[in-house]
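To start, the structure itself, in structure tokens.
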């Protein structure tokens, strides 16, 4: 006889699965409508998940992923084979270009560095695994370009110089983003999406370094190498 599943636990995970990059917050009304619950039951689930640390409410009635899931996500990054697959890829790319390279996943507060390879230069730009990047970086703008208009507007007030919708649509079309010292003075970067075999963007990858080296010609060469590496990632994802 098969062991019966706990329906409440499964329902809780369905609620967590409703939150995504494109919908960072949910409400009791959203949960009730999509899962066929009454408002009182939906609210009880949300409060329980908040108490457990899986959800957090920044404004009344609206819930997003909580710190406990972020902590668990970092553990997943440490043991996730995707990270293991990306590290050799970016290490080779870093040696080839003699620049620092990193890959990021999208976290609750912005892109989170999961793997990095630092250039073997006397003076090189570096970043630590676990660091959260701003949404106005090349990788942040790339993630924003894949969001719908509502979620773009959620992020824009957090930025001192947010990209326009026209800029984001251009990034989406060209499938890469570039920074020329706008976020960190003296630092240039080029970023591309890393996609799984289904074509979904699961990570972003960027080459970054001192701005005086990131001429148009160097950025174009970095873009070619990044795209080649992204194709290899998709083939093995």
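The values are calculated or read from the model by the stated rules, or taken from the named source; none is laboratory data. Note that the structure is predicted; figures quoted are calculated from it, not measured. Neighbour counts run over all protein chains shown; Cβ positions are idealised from the backbone, glycine included.
Which of the residues belonging to segment 28-43 are assigned to a loop (DSSP other than H, G, I, E, B) and surrounded by 17 or more Cβ atoms within 10 Å (Cβ to Cβ)?
Scanning segment 28-43 gives a single hit, 37.
Within segment 152-176, how many residues are under 23 Å from residue 62 (Cβ atoms) and either touching a helix residue (DSSP H, G or I) at 6+ places or on another chain (Cβ under 8 Å) or not in a helix (DSSP H, G or I) (or both)?
Selection size over segment 152-176: 4.
Restricting attention to segment 185-208, report how many residues are on the phi > 0 side of the Ramachandran plot and either out of contact with any helix residue (DSSP H, G or I) (no Cβ under 9 Å at 6 or more places or on another chain) or part of a strand (DSSP E or B) (or both).
Narrowing segment 185-208 to residues on the phi > 0 side of the Ramachandran plot: 186, 199.
Applying the additional criterion that residues be either out of contact with any helix residue (DSSP H, G or I) (no Cβ under 9 Å at 6 or more places or on another chain) or part of a strand (DSSP E or B) (or both) yields none.
Residues that pass the stated criteria total 0.
For (1) under 22 Å from residue 93 (Cβ atoms); (2) at pLDDT 90 or above; (3) in the same structural domain as residue 214 (by TED's automatic domain parsing), each residue gets a yes or a no:
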site: 168; (1), (2), (3): no, yes, yes
site: 177; (1), (2), (3): yes, yes, yes
site: 194; (1), (2), (3): yes, yes, yes
site: 197; (1), (2), (3): yes, no, yes
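Every residue in segment 20-29 that is closer than 15 Å to residue 154 by Cβ and at pLDDT 90 or above, please.
Scanning segment 20-29 gives 25, 26, 27.
Determine, yes or no, whether residue 135 is in contact with a helix residue (DSSP H, G or I) (Cβ under 6 Å, 6 or more places away or on another chain), in a loop (DSSP other than H, G, I, E, B) and either surrounded by 15 or more Cβ atoms within 10 Å (Cβ to Cβ) or free of Cβ contacts under 8 Å to residues at least 60 places away in the same chain (or both). It would help to see each step written out before you state the result.
Working: in contact with a helix residue (DSSP H, G or I) (Cβ under 6 Å, 6 or more places away or on another chain): yes; in a loop (DSSP other than H, G, I, E, B): yes; either surrounded by 15 or more Cβ atoms within 10 Å (Cβ to Cβ) or free of Cβ contacts under 8 Å to residues at least 60 places away in the same chain (or both): yes.
It is true that residue 135 is in contact with a helix residue (DSSP H, G or I) (Cβ under 6 Å, 6 or more places away or on another chain), in a loop (DSSP other than H, G, I, E, B) and either surrounded by 15 or more Cβ atoms within 10 Å (Cβ to Cβ) or free of Cβ contacts under 8 Å to residues at least 60 places away in the same chain (or both).
For (1) crowded, with 17+ Cβ neighbours inside 10 Å; (2) touching a helix residue (DSSP H, G or I) at 6+ places or on another chain (Cβ under 9 Å); (3) modelled with pLDDT of 95 or more; (4) not in a helix (DSSP H, G or I), each residue gets a yes or a no:
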{"position": "58", "(1), (2), (3), (4)": "no, no, no, yes"}
{"position": "63", "(1), (2), (3), (4)": "yes, yes, no, yes"}
{"position": "72", "(1), (2), (3), (4)": "no, no, no, no"}
{"position": "75", "(1), (2), (3), (4)": "no, no, no, no"}
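Okay, residues lined up against (1) closer than 23 Å to residue 120 by Cα; (2) surrounded by 19 or more Cβ atoms within 10 Å (Cβ to Cβ):
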| residue | (1), (2) |
| --- | --- |
| 156 | no, no |
| 177 | no, yes |
| 186 | yes, no |
| 216 | yes, no |
| 221 | yes, no |
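Here is a yes/no grid of residues against (1) touching a helix residue (DSSP H, G or I) at 6+ places or on another chain (Cβ under 9 Å); (2) farther than 20 Å from residue 200 by Cβ:
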residue	(1), (2)
85	yes, no
91	no, yes
97	yes, yes
105	yes, no
108	yes, no
119	yes, yes
122	no, yes
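Here is a check on your reading of the model: is residue 145 more than 16 Å from the chain's Cα centre (by Cα), in the same structural domain as residue 204 (by TED's automatic domain parsing) and without any contact (Cβ under 8 Å) to a residue 60 or more places away in the chain?
no
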